[in-house]
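*Asks:* There's a structure below that I have some questions on.
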Amino acid sequence: MNKQNDSILETAILAGGCFWCTEAVFQRLNGVVEVVSGYTGGTIKNPAYREICTGRTGHAEGVKITFDPSIISYAELLEVFFATHDPTTLNRQGNDVGTQYRSDIFYTSPEQKQIAEDFINLLDNESIFDSPIVTQISEEKPFYLAEKEHHDYYNGHREQPYCQIIIDPKIKKLNNYFSKKLKHGTI
């Protein structure tokens with residue numbers, strides 16, 4: 001846990017497909033202090049992007065989110081997480097296919113594990129999705145920062161077709177459904 005202005009900060013680690021998308025979404029939330037892209041849940045130390053893309057390392061593209069729970073709760077982060085990716089497709093998000101694109105929650109405490117389990121049970125019980133949720137709930141594993149060119153990708157490359165076709169709709173959904181949770185001045 002970190003401290004900022006007398007607030008105790010917490011960490012959430014989420015994998016919801018391409019980390020460019022996930023990072024762009026969570027950067028915009030009020031109470032989120034930092035979002036970094038990286039790799040987690042795999043079997044080798046210090047993996048590189050080219051190794052992750054093979055699917056042989058077992059890592060997922062993920063984000064490490066530092067947040068202030070007095071402003072945004074872990075459950076609210078999960079609400080945004082499930083609303084901005086497809087948790088019903090195994091090892092896939094749209095055209096991105098492979099275990100590196102799986103839906104996975106890497107809990108950092110027993111409380112986070114319980115909140116994630118309860119949240120998924122609620123979504124299942126309410127039949128929110130047409131297909132079963134395949135999101136894994138895994139214990140926190142070492143998190144390795146992605147290469148520099150992957151950090152803050154969307155904000156620096158909005159003109160790229162991938163950003164316009166894949167990430168822009170997620171940001172639009174975020175703006176439509178979670179406008180009260182957004183930092184002022186973010187799009």
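The values are calculated or read from the model by the stated rules, or taken from the named source; none is laboratory data. Keep in mind it's a predicted model, so treat the numbers as computed, not measured. FYI the Cβ positions are ideal-geometry reconstructions off the backbone, even for glycines, and counts take in every protein chain you see. Ligands, DNA and RNA are stripped out before the accessible areas are found, and what is left, the full protein with its side chains, is counted by its heavy atoms. Shrake-Rupley method; radii C 1.70, N 1.55, O 1.52, S 1.80 Å.
*Asks:* Sort out which residues of the stretch 30-44 are open to solvent by 30 Å² or more (accessible area, probe 1.4 Å) and modelled with pLDDT of 95 or more, and write them in order of number.
*Replies:* 30, 33, 34
*Asks:* Need pairs with beta-carbon distance below 8 Å; first residue open to solvent by 60 Å² or more (accessible area, probe 1.4 Å) and within the stretch 153-171, second of a type in the set (D, E, K, R); sequence gap 6+ or separate chains.
*Replies:* Every condition considered, the pairs that remain are 158/168; 164/158.
*Asks:* Condition test on residue 55, is it open to solvent by less than 40 Å² (accessible area, probe 1.4 Å) and either at pLDDT 95 or above or assigned to a strand (DSSP E or B) (or both)? Don't jump to the end; show me each part of the working.
*Replies:* Details: open to solvent by less than 40 Å² (accessible area, probe 1.4 Å): yes; either at pLDDT 95 or above or assigned to a strand (DSSP E or B) (or both): no.
For residue 55, the condition - open to solvent by less than 40 Å² (accessible area, probe 1.4 Å) and either at pLDDT 95 or above or assigned to a strand (DSSP E or B) (or both) - is not met.
*Asks:* Of all residues in the stretch 99-115, which are more than 21 Å from residue 61 (Cβ to Cβ) and among the charged types (D, E, K, R)? Let's see the steps before the verdict.
*Replies:* Of the stretch 99-115, the ones more than 21 Å from residue 61 (Cβ to Cβ) are 109-111, 113-115.
Passing the criteria: 111, 113.
*Asks:* Read through the list (1) over 11 Å from the mean Cα position of the chain (by Cα); (2) in contact (Cβ under 8 Å) with a residue 24 or more places away in the chain, then give the number of the only condition that residue 61 fails.
*Replies:* Evaluating residue 61 over (1) over 11 Å from the mean Cα position of the chain (by Cα); (2) in contact (Cβ under 8 Å) with a residue 24 or more places away in the chain leaves (1) as the failure.
*Asks:* Could you tell me how many of the residues in the stretch 101-118 are within 15 Å of the chain's Cα centre (by Cα) and not hydrophobic (A, V, I, L, M, F, W, C)? Even if it seems obvious, please write down each step before you answer.
*Replies:* Initial filter on the stretch 101-118 (within 15 Å of the chain's Cα centre (by Cα)): 101-108, 112, 116.
With the extra rule that they be not hydrophobic (A, V, I, L, M, F, W, C), the set shrinks to 101-104, 107-108, 112.
Selection size over the stretch 101-118: 7.
*Asks:* Hey, could you check the stretch 139-152 for residues that are open to solvent by 60 Å² or more (accessible area, probe 1.4 Å) and either modelled with pLDDT under 95 or not charged (D, E, K, R) (or both) and say which is nearest to residue 117 (Cα to Cα)?
*Replies:* At the first step, the residues of the stretch 139-152 found to be open to solvent by 60 Å² or more (accessible area, probe 1.4 Å) are 139-142, 145, 148-149, 152.
Of the ones still in play, those that are also either modelled with pLDDT under 95 or not charged (D, E, K, R) (or both) are 142, 145, 148-149, 152.
Numbers: 142: 21, 145: 27, 148: 33, 149: 34, 152: 30 Å.
Among those that are open to solvent by 60 Å² or more (accessible area, probe 1.4 Å) and either modelled with pLDDT under 95 or not charged (D, E, K, R) (or both), it is 142.
*Asks:* Still on this structure, please answer the following. Filter the stretch 58-85 for residues that are in a helix (DSSP H, G or I) and buried (at least 19 other Cβ atoms within 10 Å of the Cβ) and give the result.
*Replies:* Step one: of the stretch 58-85, the residues in a helix (DSSP H, G or I) are 74-83.
Within the stretch 58-85, 74, 77, 78, 80, 81, 82 qualify.
*Asks:* For residue 121, only one of the following conditions fails: (1) modelled with pLDDT of 95 or more; (2) under 18 Å from the mean Cα position of the chain (by Cα); (3) part of a helix (DSSP H, G or I). What is its number?
*Replies:* Result: residue 121 passes all but (2).
*Asks:* A follow-up question, please. Take the stretch 86-106 and flag every residue that is open to solvent by 40 Å² or more (accessible area, probe 1.4 Å) and either at pLDDT 95 or above or among the charged types (D, E, K, R) (or both).
*Replies:* 86, 92
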